[in-house]
Structures are given as structure tokens and as C-alpha cells.
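The values are calculated or read from the model by the stated rules, or taken from the named source; none is laboratory data. None of these values were measured; they are calculated from a predicted model. Because the Cβ atoms are built from the backbone with ideal geometry, glycine has one as well, and the counts that use them run over all protein chains shown. With ligands, DNA and RNA removed, areas are computed over all heavy atoms of the protein, side chains included. Shrake-Rupley method; radii C 1.70, N 1.55, O 1.52, S 1.80 Å.
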Amino acid sequence: MTCTTLDSWAKLRDHQAELATTSVRELFERDPARFERLSRRLDLGRGAAPMLLDFAKQRATPETVALLCALAREVGLEAHRDRMFAGERVNSTEGRAVLHVALRERSRRPVHVEGADVMPDVRAALEHMRRASDAVRSGAHRGYTGKRIEHVVNIGIGGSDLGPLMVVEALEPYRLGGPKVHFVSNVDGTHIARTLSELDPETTLFLVASKTFTTQETLENARTARAWFLRTAQKEIHIARHFFALSTNAKEVQEFGISLENMFVFWDWVGGRYSLWSSIGLSIALAVGFDRFEELLEGAHVVDEHFRTAPLEDNLPALLGLFGVWNTNFWGCGCHAVLPYDQTLHRLPAYLQQADMESNGKGVRADGGVVGCDTGPALFGEPGTNGQHAFYQLIHQGTRVIPCDFLIAANSHNPVGRHHRLLLANVLAQAEALMRGKTEAEARAELERAGVRGAELDKLAKHKSFAGSRPSTTILYDRLDPRTLGALIALYEHKIFVMGSIWGINSFDQWGVELGKQLAGRILPELEPGAPAGDHDASTAGLIAELQLRLSGEDKSA
Ligand code: G6Q
């Protein structure tokens, strides 16, 4: 049954209508304890300072939280969550379990898929990663001429790229002498050509990261890398020291020429965009060391346990997801901005774009019915303060309301001069300004104080007033260490699950992505000079014909 027909949905509609006449500014004035009532803390363990999530700048009251939790209960969120943790095939269209949580299971609890405990295999795979990353970082594993590995190139795309890339960037302060990691994803030859141009085959290790090992872009980039390597190394036997595969597909890995001892495994119950915790995270372990990688897993495990056991009213991923539904479905917001005031997280919005939009960009329920309401919002973001000088204008005064997540590190890895305080002042100011807005009367008073009068005053007061009540959530943590980062990512992963569960969709398939892959395969041979045109619409056919004429045929190796 679609969520829109539920009693709790109707109650939320009425509640929204009541709130619509009250500004958030007024809600703050009415309730001096609003911050305490609408913020929550999450203990990250190991003596770390708790993470703080502040929902007080949402267009909501404690009653909203109660009504949203009632909706979650009415759709059976808790039972659905338990089915995921129990290894049931919640990815129903692909018939798969969804167990990225098993990859970061740190207790001795077994995790079953089809009656078999997967944890021994998970631990063995982690051990394999530990041995390899230790060997490369210590210099025990060297290149074919005996030189240390100084550069690692992860070749992968989508889920086999965005997660590890975001984490490696975020944990750069922990690299401390580890190899420099590069990421090549785009099939545009410029990406691999530019990357290789800075590298030396004798000191470079390639990770071919592909769950299926059939992804066109990744295999093309991997073939180009292998050819580039062999031009210098000459002998195929040297490939063993310079090419590792991260995959579930042993047959294709061997066919590519990578031996099984250099294959780092994972399983079909790990979705691509949820795979950074698996062997797909080897680049992370190589960059910062396996102990740091384990801390990342531990941080995520803390959130998994919290999500599994905390009552919904205090369950942070549940609340993040429920406020997401609140803004999407009851306030009609079609976008969501993620704004980390933390340069180390500069790739977080790109990572979340995939995690969120590929998971919840669906219109059909898992049971085949139509969802009947809007689903996943368009997500975008940039690190602060850059975004302020770019797109925030629309967030402040545009005609669409765009809920924001502001992420704040209390402490910087680089406490240079006044930089960090300036950063903090900016993020707090933005969130406050969005919430408060500025009435026309306030704008007038300000202009009058500045000596503006008459028609000019009338005109400018309109342009300088802001509606306010623009919702945001603030996520505050102490310093972005591996544990905190693991917790943060898991928070977002489960938030996505919560929203998908409310809408009744399968957040773990991606049939739209599969369609694009198929169509590209059909068009490729049609680009050859003189190749017969396929059956296309006039626009696609016209563009293919134009490209056939213009393609120079100068394909070079990188
Ligand atoms: C993720 C998607 C997709 C996938 C890539 C790469 O959930 O399925 O982004 O990760 O298409 O796939 P491979 O890892 O199989 O190369």
C-alpha cells in the first residue's frame, strides 16, 4: 500500500498545514528549549566527542518528530531494517541480500545469508587486504625493478570509484608517507592519459576495481594501463607486481590476466555504491594503512548498532531520513544541498549524489505499484565557503526551497591563523540567515539607517528582504578522523534506506543505469566510418552521422 494512503500520512498533511502559517523564527521565540528538544547526540565510542545533529532549524516541532515516527512505524520501517540486517533478500528485483553492514560488523555476531555465516569470509577478505596494504606500505612488496610502490591508480567507476575517492581525499591528513592514490574513472581518454603522464611504471600499482569486471569504461582504462605498463616492463610476468583486481568475478579477472592471489574478493550482497567497506576500499587501506581503514569500519559499525537498536525518536539515521521525507513530500522540496564546511570532505556531495540519487531515484514500489508521491530529491553541494560565492543566492532568495545539510568540524586538521574560526562563523551565519530571513520592515530599517530614502528605499527593501524559514540540519563533529568519517557515511547510507523504506521502493537496484550501459554497447560499432546506421530517432541518427564525418580516426595509446 502506498504511504500516501496511511493515517499517519494524513496527520502529517494536517500538521504541515498548521505549521505553514508559522515561521521558524516564531517557533524559536515560542520555545526557548527548542535546540535541546530538536537536537540529538551520538556517542562514537572510544572516548571520542559525540556527533551532534541539530534539527532545530527545520520547519518542525517535537510533534512533527512524533508524527514522522508514527509514519515510520506504520510503514514497518523497523521490520524492514531488521530484514536487511538479517540477510534477507531486500534487494528484491535482483534477488539479493543487502549486507554492507556485515563488512563492518566488529562484534563476534554471525551474519547469515541463506543460512550460512558470511563473517569468516569477510574476516579472511579483510586479512588479505591487511597483508597487501602492509606489504606495499612497508616496502616488502616492490615493483618489478625493486623500487618501492609510490603511486596507486584505482581504475573503477561509479560505486567502484566515488566512495574510495571521497574517503582517500577526506583522510589525506592520515596518509603519512603512504603511496599517493589516483583515481581514473572516465572512459574519456584524457582521464587516464593525464594520470599516467605523471607516473613511472616501475613505481605504480594499479587496482582494477570492478564488481562485475565487465564494465566497459573500467576494462578499457585497465587495458590502456596494462599496455602503458608493458611498453616499459616488457614481460607479462611483471604484471603480477603491478596489477591487483578488486572484484566478485574470478573468471573475468583471470581472463584479463590477473592471477587469483592478486584478486581481492567481495560478494553479490554488497551493492556497488555501498562497497567502499569491502575490497573496493583497498585504495583507502593503501593510502592510510589498514589500522585506519579498520577505524573507518568501526565508526560505521557504531552507527549500524545505533540504527539497529535505538528507538526511532532518538535514532539519528531514522530522523535524518524522516526529515528528508518531511521536506520532500510535505513541503514539496525537490532538491537537497549537502554543504560540508570541511575541505577534506570536498568529494562528499559527489559521493552522495550517487548514493542517494541512484538508490532513491525510483517511481515504482518494490511490490510493483506506483509510489504515488515524489521520491529522491536532486542532490548537490560544494564545500563551504566556496558555495556561498556561487549558488547560495538561489538557496536564500530563489523561488524553490532547498533544504541543506551543514557539516561542521569543530577542529581543523590545519589550524592556520584565523582560518578555522572564519569558516565556523560563516557556516553558522548561513544557517541562521536561512532560518531567520529578513522581513521587509527589517530591510527598510537597515536601509534607512544607511541613509536611503524615498523610491530608492521602496525598491531596495523588496530586493533585500528574505523569506526565511529555509530548513537546514547541522551535523557537528569534533575532527574528521577515520572513525568519525565512517560514522558519517553510515548515517547517510541508513538515511537513504529510511527514505526508500517509507516510499516502499527498492533502494538497492539501478535499472536506469543498466539501460544506459546497454545502449552505449549498441551505438559503439555504429561510430566506425561507413558503418550502417542503427534504428534511432532522427536526433541520435543525425549526431551519429555528424560524428562519423568528424572522427579523425587518430586513436592513440596513452
Ligand atoms: C552502483 C552502481 C554502479 C556501479 C558501476 C561500476 O551501485 O551499480 O555505479 O558501481 O557501474 O560497476 P562495476 O563495479 O561492476 O564495474
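All but one of (1) within 25 Å of LEU207 (Cβ to Cβ); (2) within 16 Å of the ligand (Cβ to nearest atom) hold for SER133, so report the exception by its number.
Status for SER133: all satisfied but (2).
Being of a type outside the set (Asp, Glu), modelled with pLDDT under 95 and open to solvent by less than 50 Å² (accessible area, probe 1.4 Å) is the requirement here; does SER107 meet it?
Yes; evaluated as a whole, the condition is true for this residue.
Restricting the first residue to the range 340-367 and requiring it to be assigned to a helix (DSSP H, G or I), which pairs with a second residue that is among the polar types (S, T, N, Q) meet a Cβ separation below 6 Å and a spacing of at least six or different chains?
As it stands, the answer is GLU358/GLN510; SER359/SER507; ASN360/THR375; ASN360/SER507, since those pairs meet every condition given.
Any chance the range 148-171 includes a residue that's within 30 Å of PRO349 (Cβ to Cβ), part of a helix (DSSP H, G or I), touching a residue at least 40 places away in the same chain (Cβ under 8 Å) and open to solvent by 50 Å² or more (accessible area, probe 1.4 Å)?
Yes, that holds for at least one residue.
Report, ordered by the first and then the second residue, all pairs with beta carbons closer than 6 Å, sequence separation of six or more or different chains, a first member in the range 284-300 that is at negative phi and among the acidic types (Asp, Glu), and a second member that is open to solvent by 10 Å² or more (accessible area, probe 1.4 Å) and part of a helix (DSSP H, G or I).
Between residues of the range 284-300 that are at negative phi and among the acidic types (Asp, Glu) and residues that are open to solvent by 10 Å² or more (accessible area, probe 1.4 Å) and part of a helix (DSSP H, G or I), the close pairs are GLU295/ARG483; GLU298/ARG483.
Do you know which residues across the range 454-497 are under 15 Å from the mean Cα position of the chain (by Cα) and among the hydrophobic types (A, V, I, L, M, F, W, C)?
LEU485, ALA487, LEU488, ILE489, ALA490, LEU491, ILE496, PHE497
Go through ALA233, ALA209 for me and flag whichever is at pLDDT 95 or above and under 30 Å from LEU519 (Cβ atoms).
Of the residues listed, the single one that is at pLDDT 95 or above and under 30 Å from LEU519 (Cβ atoms) is ALA209.
Failed condition for GLN388, given (1) open to solvent by less than 70 Å² (accessible area, probe 1.4 Å); (2) part of a loop (DSSP other than H, G, I, E, B), with all others met?
In the conditions (1) open to solvent by less than 70 Å² (accessible area, probe 1.4 Å); (2) part of a loop (DSSP other than H, G, I, E, B), GLN388 misses (2) alone.
Can you work out which of the residues in the range 21-30 that are in contact with a helix residue (DSSP H, G or I) (Cβ under 7 Å, 6 or more places away or on another chain) and not aromatic (Phe, Trp, Tyr) is farthest from CYS404 (Cα to Cα)?
Filtering the range 21-30 for residues that are in contact with a helix residue (DSSP H, G or I) (Cβ under 7 Å, 6 or more places away or on another chain) and not aromatic (Phe, Trp, Tyr), the one farthest from CYS404 (Cα to Cα) comes out as LEU27.
State all residues of the range 391-414 that are surrounded by fewer than 17 Cβ atoms within 10 Å (Cβ to Cβ) and either in a helix (DSSP H, G or I) or at pLDDT below 95 (or both); if no residue qualifies, say none.
GLN393, LEU394, GLN397 - these are the residues of the range 391-414 that are surrounded by fewer than 17 Cβ atoms within 10 Å (Cβ to Cβ) and either in a helix (DSSP H, G or I) or at pLDDT below 95 (or both).
Can you name the condition, by its number, that ARG194 falls short on among (1) under 23 Å from ARG137 (Cα atoms); (2) more than 16 Å from the ligand (Cβ to nearest atom)?
(1)
Taking ILE475 as the residue in question, decide whether it is among the aliphatic types (A, V, I, L, M) and assigned to a strand (DSSP E or B).
Spelling it out, ILE475 is indeed among the aliphatic types (A, V, I, L, M) and assigned to a strand (DSSP E or B).
Report, by residue number, each residue of the range 446-480 that is on the phi < 0 side of the Ramachandran plot and small (Gly, Ala, Ser).
Those that are on the phi < 0 side of the Ramachandran plot and small (Gly, Ala, Ser): ALA450, ALA455, ALA461, SER465, ALA467, SER472.
Looking for whichever is surrounded by fewer than 18 Cβ atoms within 10 Å (Cβ to Cβ), over 23 Å from the mean Cα position of the chain (by Cα) and among the basic types (Lys, Arg) here; the options are LYS180, LYS235. Which one fits?
Sole residue among the options that is surrounded by fewer than 18 Cβ atoms within 10 Å (Cβ to Cβ), over 23 Å from the mean Cα position of the chain (by Cα) and among the basic types (Lys, Arg): LYS235.
Just to be sure before I move on: is GLY486 within 21 Å of ALA337 (Cα to Cα) and either more than 16 Å from the ligand (Cβ to nearest atom) or surrounded by fewer than 15 Cβ atoms within 10 Å (Cβ to Cβ) (or both) in the structure I sent?
Against the criterion (within 21 Å of ALA337 (Cα to Cα) and either more than 16 Å from the ligand (Cβ to nearest atom) or surrounded by fewer than 15 Cβ atoms within 10 Å (Cβ to Cβ) (or both)), GLY486 qualifies.
Taking the stated definitions as given, is GLN216 open to solvent by 20 Å² or more (accessible area, probe 1.4 Å), near the ligand (Cβ under 10 Å from one of its atoms) and in contact with a Leu (Cβ under 9 Å, 6 or more places away or on another chain)?
When the stated conditions are applied, GLN216 passes them.
Considering only residues that are of a type in the set (Asp, Glu) and either in contact with a Pro (Cβ under 8 Å, 6 or more places away or on another chain) or more than 14 Å from THR215 (Cα to Cα) (or both), which ones fall in the range 239-254?
Within the range 239-254, none qualify.
For the range 510-533, which positions are near the ligand (Cβ under 10 Å from one of its atoms) and either farther than 29 Å from ARG365 by Cβ or surrounded by 12 or more Cβ atoms within 10 Å (Cβ to Cβ) (or both)?
Within the range 510-533, GLN510, VAL513, LYS517 meet the criteria.
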